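The values are calculated or read from the model by the stated rules, or taken from the named source; none is laboratory data. All figures in this text were calculated on a predicted structure; none of them were measured in a lab. All Cβ positions, glycine included, derive from the backbone under ideal geometry; neighbour counts span all protein chains shown.
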Ligand code: HEC
């Protein structure tokens, strides 16, 4: 690099007499410039490729951490499905849970209101026991149905579902066994558990 300092470029006549030197930038400045260019390449490789700090990876890490910290929904659902049974005790306890938490939207006698009735054959989110358990646990937040998984215990969810299912079966004449399902979709047979089966 030429160290020729104070050489005039010689176009003063084109610029109202203002002249201009052609001085090279100092070595330290040029060195710093190339250093930042190389640094950017190295840092880019390290950040995106070697260290993989992509947003997708961050998100999946945060989701895993959240899953570990707040396992409530997934576990509540699994727990509810595992011990679900329609027994007289469950239905009686479920009625109390219903009166306390659900009547404001589903009506004193399940006739509906803000939320749908449970006395007909129409189900927005499935009328099998497992669907009903899922709806109660996960809610439909966009439509105003609360995710009860974080509020009621898995046992209370079982009970209130047993109550809803029993009332539905009584009102529509749909056999309880049909609601409880069979094969893969089935929840455990009520007759196999303690207490008197209802329906
Ligand atoms: C704040 C009002 C509100 C409360 C309280 C509420 N629900 Fe709901 N629920 C709704 C609404 C609204 C829907 C309909 C959601 C939709 O349109 O997808 C619904 C839907 C449901 C469904 C699905 C019905 C279908 O057709 O698939 C079930 C089951 C249910 N609720 C059970 C319960 C139970 C059990 C409780 C009490 C623990 C409860 N809800 C409390 C508003 C409520």
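Determine if region 48-56 includes at least one residue that is surrounded by fewer than 12 Cβ atoms within 10 Å (Cβ to Cβ) and in the same structural domain as residue 168 (by TED's automatic domain parsing). No, region 48-56 has no match at all. Residue 61 meets all of the listed conditions (1) in a helix (DSSP H, G or I); (2) modelled with pLDDT under 85 but one, namely (2). Scanning region 103-122 for residues that are in contact with a helix residue (DSSP H, G or I) (Cβ under 7 Å, 6 or more places away or on another chain) and closer than 20 Å to residue 158 by Cβ yields a count of 3. If you take the residues in region 84-113 that are touching a strand residue (DSSP E or B) at 6+ places or on another chain (Cβ under 9 Å) and in a loop (DSSP other than H, G, I, E, B), which one is modelled with the lowest pLDDT? In this case the residue turns out to be 85. Taken over region 132-164, the criterion of being in contact with a strand residue (DSSP E or B) (Cβ under 8 Å, 6 or more places away or on another chain) and either part of a helix (DSSP H, G or I) or not assigned by TED's automatic domain parsing to the domain that holds residue 115 (or both) is satisfied by 135, 162. Summed over region 121-131, residues that are in a loop (DSSP other than H, G, I, E, B) and either closer than 15 Å to residue 101 by Cβ or within 9 Å of the ligand (Cβ to nearest atom) (or both) total 6.
Here is the figure for region 165-178: residues that are part of a helix (DSSP H, G or I) and either away from the ligand (no atom under 14 Å from the Cβ) or in contact with a helix residue (DSSP H, G or I) (Cβ under 6 Å, 6 or more places away or on another chain) (or both) total 7.
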